[in-house]
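A.B. asks: Right, I'll just put the structure down here and ask away after.
Just so it is clear, none of the values below were taken in a lab; they were calculated from the coordinates. These numbers come from a predicted model, not from an experiment. Cβ: placed from backbone, ideal geometry, glycine included. Neighbour counts: every protein chain shown.
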Amino acid sequence: MRKNATGLSRKRIEVLKGFTAAFLILIFIPALSVAESGTRISYTLDATQPHTHLFRICLTVHEAKTPYIEFAMPAWIPGYNRSRNFARNVQDVEARDAAGCKLALVKLDHQTWRVAKGQNHTVKLSYKVYANNLHDINIAAHIDETHAFFNGAAVFMYVAGATDETASLKIVKPEEWRIATGLEETSEANTYIAESYDHLIDCPTEIGDFTRYDFIVEGKNHHLVFYGLADFDASFLIEDFEKIIRTCARIFGGLPYKHYTFIYHLTSRERRSGVEHGNSTAIIFNKQDFLARRKYDEFISVSAHEFFHLWNIKRIKPEGWGPFDYTRVPQTKSHWFTEGVTSYYTSLILARSGVWDEKMFLRDMAEKIQEFENKPGKKKMSLEEASWDVVLRSDNRRDTTISYYVKGALVAFMLDCEVRKKSKGQKSLDDVLRFLFDNYARNDRAYRNPELLRIINTVSGSDFSGFYASYISGKEGIPYQEFLQTLGLKLRIEEDKPLPYMGIETERTIGGGLRVSYVRPGSPAYDSGIDAGDVLLALNKRRITFTNWSDLLGQYAPGASICITLFHRDRLLEKKLILGGKRNVHYEIHEMESASLPQRRMRRSLLWKK
């Protein structure tokens with residue numbers, strides 16, 4: 001039960017020693033030893049010198065079949081669609097045979113090494129990985145005297161041409177540290193089996209004296225693993241996770257894994273980021289953010305988002321998302337579906353499960369509308385373009401791009417409304433996802449982008465080509481009200497009185513001055529030539545500081561002529577402009593006063609209300 005309306009009861013996490021009650025309910029299955037598994041490829045990861053920030057890796061290939069073996073580090077990590085160039089942290093690479101004799105080693109490019117096989121057909125490649133990235137830990141690796149963590153792509157090379165082979169992993173660690181991972185254990189201590197290299201690096205691993213909570217849902221074991229201390233009520237947390245997991249299982253008809261591990265790194269930085277995996281996730285979160293309800297909502301949202309990904313992208317996947325080419329990030333026009341639909345279902349799952357109420361769901365969707373409508377790039381880029389160009393990081397991306405998370409979630413919401421409307425409530429986006437899971441994921445088959453429209457048409461029994469052309473392939477504005485009325489809802493838009501507007505964002509300089517950090521295209525400041533990086537000195541000959549800027553500008557009305565004195569690099573300039581007027585727009589979603597009984601029923605069906 002919640003302790004209060006605005007926050008959670010504070011209970012200091014105590015490190016769990018020994019086994020929890022959930023362990024007693026486990027079904028014991030005899031573990032397979034590495035010898036019995038017959039693996040040709042084996043890894044050893046040594047984490048016994050954490051003060052060096054170095055992992056020591058030994059990759060052994062038995063029964064080498066060719067004169068040369070090529071080893072490579074991935075250029076990217078599935079779940080993070082940008083290049084990471086993990087080879088940059090590799091050092092001290094050498095190769096030996098089973099007798100310890102050195103083998104010829106040549107570096108072919110920035111991420112690939114070639115080794116000449118010796119006479120005994122065994123090659124042992126050893127190397128070290130520098131791992132001191134706590135900021136991006138969920139897509140990297142970190143080791144110090146408090147713990148060790150790795151996302152497999154950041155530490156493990158692969159054997160070219162053999163990524164589909166089974167591999168074993170032995171972890172050597174300080175005696176008092178424990179291991180949390182999604183990999184399957186063997187009968188040998190601290191040793192695990194992966195079905196393939198893809199599987200190996202899809203299981204992030206935490207090693208240390210962490211806090212762990214275990215619970216069972218739908219007969220499957222689940223683990224919450226925390227590195228870092230925070231104040232929260234563990235029983236309350238587990239209750240919410242159980243609701244989320246059951247809701248997802250109801251959508252898809254079960255849970256497609258043996259066990260699932262949530263790994264959290266709680267830091268003091270303002271950081272919220274997660275990466276999805278097949279039976280686990282690794283998430284960074286600020287440890288202070290459990291104390292306020294809105295911040296807790298962000299925590300539970302990112303957790304639900306990454307959990308839903310175990311269906312949408314890990315199993316229901318676009319072409320190119322497995323088996324992977326680790327030399328380059330694959331491209332797809334379907335990220336609006338993999339991420340946007342997941343973002344929509346994150347909110348929907350929280351509402352269906354009872355973690356959120358209906359008002360919180362509608363508020364979240366309204367906030368997404370507000371975020372998208374304030375984007376300059378909304379008329380410049382379609383969802384398919386945003387999906388395809390994700391690997392590109394334009395220096396001008398703020399003005400020319402959109403988020404397929406945000407617009408994708410809105411389009412998914414509207415698509416769900418339209419499918420329900422056209423099928424008279426008989427079908428929904430749930431059915432589209434189930435069709436993809438049953439016909440594609442269960443057969444380990446990826447979908448091609450053009451197939452999505454055909455599948456939506458088939459499941460709904462209607463033609464969505466116009467919808468697709470307007471809001472997914474095209475850049476048309478979304479007529480929210482047209483779709484919301486299907487659920488008996490309306491979008492209320494309120495505008496504040498106009499405020500003086502230059503079209504800039506600012507930041508504090510070291511001396512307490514004011515620097516321009518962003519200029520919006522088409523704004524008065526933009527047209528006058530004010531640029532990002534300019535330091536503002538005076539407004540109509542009155543000194544500008546970081547603390548007085550808002551009050552100083554607020555003394556003028558929209559339409560007033562002003563003169564700004566500034567430094568543009570080392571040049572002292574004056575810029576004259578006429579202030580614009582900007583109205584802050586607020587979006588809220590409410591029930592229509594005239595909502596009909598069928599519309600209300602449609603909304604109750606969406607939210608799984610009786």
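A.B. asks: For ARG293 and SER517 in one chain, what is 0.36 nm times their gap in residues minus the Cα-Cα distance, to one decimal in nm?
C.D. replies: 77.5 nm
A.B. asks: Under a 5 Å amide H to amide H cut-off, with H placed in plane at 1.01 Å, what residues pair with ARG272 once short-range neighbours are removed?
C.D. replies: Long-range HN contacts for ARG272: none found.
A.B. asks: Still on this structure, I have one more. Students often check this: by mean Cβ neighbours within 10 Å, which of 594-604, 246-256 ranks highest, and how do the rest follow?
C.D. replies: Output ranking for 594-604, 246-256: 246-256, 594-604.
A.B. asks: Follow-up. What does the extension gain come out to for ASP92 and ARG569, with contour length at 0.36 nm per residue minus their alpha carbon separation?
C.D. replies: On the way: separation 477, 0.36 × 477 = 171.72 nm, distance 4.40 nm.
Length difference between fully extended and current span is 167.3 nm.
A.B. asks: Could you work out the per residue convex hull volume over the alpha carbons of the stretch 34-209, in cubic angstrom?
C.D. replies: 114
A.B. asks: Let me ask something additional. Residues with amide H under 5 Å of ASP233's amide H, sequence separation 5 or more or different chain, H placed in the peptide plane at 1.01 Å from N; which?
C.D. replies: SER9, LYS11
A.B. asks: How long is the gain from GLN481 to ARG542 if the chain were fully straight, where each residue apart is worth 0.36 nm and the alpha carbon distance is subtracted?
C.D. replies: 17.3 nm
A.B. asks: Viscosity 0.692 mPa s, temperature 37 °C: Stokes-Einstein D of the stretch 499-582 from its Kirkwood Cα radius, in µm² per second?
C.D. replies: Here the translational diffusion coefficient equals 262 µm²/s.
A.B. asks: Rounded to the nearest 10 degrees, what's the angle between the helix 342-353 long axis and the longest principal axis of the chain, both from Cα atoms, 0 to 90?
C.D. replies: It is inclined by approximately 90 degrees.
A.B. asks: Another question about this same structure. Using the number of other C-beta atoms within 10 angstrom as an exposure proxy, rank LEU607, LEU415, LEU125 with the fewest first.
C.D. replies: Result, fewest neighbours first: LEU607, LEU125, LEU415.
A.B. asks: Provide TYR296, TYR556, TYR345 in ascending order of the number of other Cβ atoms located within 10 Å of each residue's Cβ, fewest first.
C.D. replies: By the 10 Å Cβ count, ascending, the order reads TYR556, TYR296, TYR345.
A.B. asks: For THR506, what residues show an amide H to amide H distance below 5 Å, using hydrogens built from the backbone and excluding near sequence neighbours?
C.D. replies: SER517
A.B. asks: Another question, if that's okay. Rounded to whole Hz and in sequence order, give me ³J(HN,Hα) for the stretch 50-63 from the Karplus expression 6.51 cos²θ - 1.76 cosθ + 1.60, θ = phi - 60°, writing x for Gly and Pro.
C.D. replies: x, 5, 7, 6, 10, 8, 10, 10, 10, 10, 10, 10, 8, 6
A.B. asks: Using the count of nearby Cβ atoms within 10 Å as a rough guide to exposure, how do HIS259, HIS277 rank from fewest to most?
C.D. replies: HIS259, HIS277
A.B. asks: Please find the FRET efficiency linking ASP46 to SER268, where r is the Cβ-Cβ separation and R0 is fixed at 30 Å, and quote it to the nearest 0.05. Working shown, then result.
C.D. replies: Numbers: r = 29 Å, r/R0 = 0.97.
Efficiency, from the Cβ-Cβ distance: 0.55.
A.B. asks: Give me the Å³ per residue figure for the convex hull around the C-alpha atoms of the stretch 437-487.
C.D. replies: Values: hull volume 5.2 nm³, N = 51.
Convex hull volume per residue, Cα atoms: 101 Å³.
A.B. asks: Continuing with the same structure: Taking square-rooted eigenvalues a ≥ b ≥ c of the alpha carbon gyration tensor, is the stretch 40-142 rounded, prolate or oblate, where a/c under 1.5 means rounded and, failing that, a/b exceeding b/c means prolate?
C.D. replies: In terms of gyration-tensor shape, prolate.
A.B. asks: What's the center-to-center distance, using Cα atoms, between the stretch 332-379 and the stretch 462-537 in Å?
C.D. replies: So the separation of the two Cα centres works out to 18 Å.
A.B. asks: With a 10 Å radius around each residue's Cβ, average the other Cβ atoms per peptide and rank 108-120, 543-555, highest first.
C.D. replies: Going by the mean number of other Cβ atoms within 10 Å, highest first, we get 108-120, 543-555.
A.B. asks: If N is the number of residues in the chain, what value comes out of its Cα radius of gyration divided by 2.2 N^0.38 Å?
C.D. replies: Its radius of gyration relative to the 2.2 N^0.38 Å reference: 1.08.
A.B. asks: Roughly how many Å is it from the Cα centre of the stretch 88-158 to that of the stretch 200-245, as a whole number?
C.D. replies: 30
A.B. asks: Taking only Cα atoms, what is the 0 to 90° angle, nearest 10, from helix 234-252's long axis to the longest principal axis of the chain?
C.D. replies: On a 0 to 90 degree scale, this one is about 90.
A.B. asks: Let me ask something else about it. Quickly estimate the mean residue ellipticity at 222 nm for the chain, helices only: each DSSP H run with n ≥ 4 gives -39500 (n - 2.57), and the total goes over all residues, rounded to 500.
C.D. replies: When only DSSP H runs of four or more count, the value is -7500 deg cm²/dmol.
A.B. asks: In the structure displayed, which of LYS368/LYS576; LYS287/LYS609; LYS475/LYS576; LYS421/LYS475; LYS102/LYS314 lie more than 30 Å apart, Cα to Cα?
C.D. replies: LYS368/LYS576; LYS287/LYS609; LYS475/LYS576; LYS102/LYS314
A.B. asks: Note down the Stokes-Einstein diffusion coefficient of the stretch 255-314 in µm²/s, whole number, using a Kirkwood radius over alpha carbon pairs, 20 °C, and 1.002 mPa s.
C.D. replies: Value of D from the Cα-based Kirkwood radius: 180 µm²/s.
A.B. asks: Now, a different point. What is the Rg over Rh value, at two decimals, for the stretch 457-548, using alpha-carbon atoms and the Kirkwood definition of Rh?
C.D. replies: That ratio is 1.25, to two decimals.
A.B. asks: Pop a pseudo-label 7 angstrom from the Cα along the beta-carbon direction at both ASP209 and ASP233 and give the gap in nm to one decimal.
C.D. replies: Label-label distance for ASP209 and ASP233, simple model: 2.9 nm.
A.B. asks: Once you keep just the Cα pairs under 8 angstrom separated by 6 or more residues, what percentage relative contact order results for the stretch 34-209?
C.D. replies: Numbers: 417 pairs, mean separation 47.8, N = 176.
Relative contact order, the stretch 34-209: 27 percent.
A.B. asks: Using Cα pairs closer than 8 Å and at least 6 residues apart in sequence, work out the relative contact order for the chain, in percent. Kindly include the intermediate steps, with their values, before the conclusion.
C.D. replies: On the way: 1227 pairs, mean separation 63.4, N = 610.
Over the chain, the number comes to 10 percent.
A.B. asks: I've got another one for you. Apply the Karplus curve 6.51 cos²θ - 1.76 cosθ + 1.60, θ = phi - 60°, to the phi angles in the stretch 363-369 and return the couplings in whole Hz, x for Gly and Pro.
C.D. replies: 5, 5, 5, 5, 5, 5, 4
A.B. asks: Which angle from 0 to 90°, rounded to the nearest 10, does the C-alpha axis of helix 429-439 make with the longest principal axis of the chain?
C.D. replies: The two axes meet at around 20 degrees.
A.B. asks: Additional query: Please report, in whole Å³, the volume per residue of the convex hull around the C-alpha atoms of the stretch 214-332.
C.D. replies: That works out to 129 Å³ per residue.
A.B. asks: Here's another thing I want to ask about it. With unit charges on the beta carbon (Lys/Arg positive, Asp/Glu negative), name the residue among TYR197, ALA47, ALA98 whose Cα is farthest towards the positive pole of the charge dipole of the stretch 34-209.
C.D. replies: The residue sitting farthest along the positive end of the dipole is ALA98.
A.B. asks: Could you give log10 I(q)/I(0) at q = 0.13, 0.15 Å⁻¹ for the stretch 352-477, computed by the Debye formula over C-alpha point scatterers of equal weight, without solvent?
C.D. replies: After summing over all Cα pairs, the log10 values are -0.64, -0.84.
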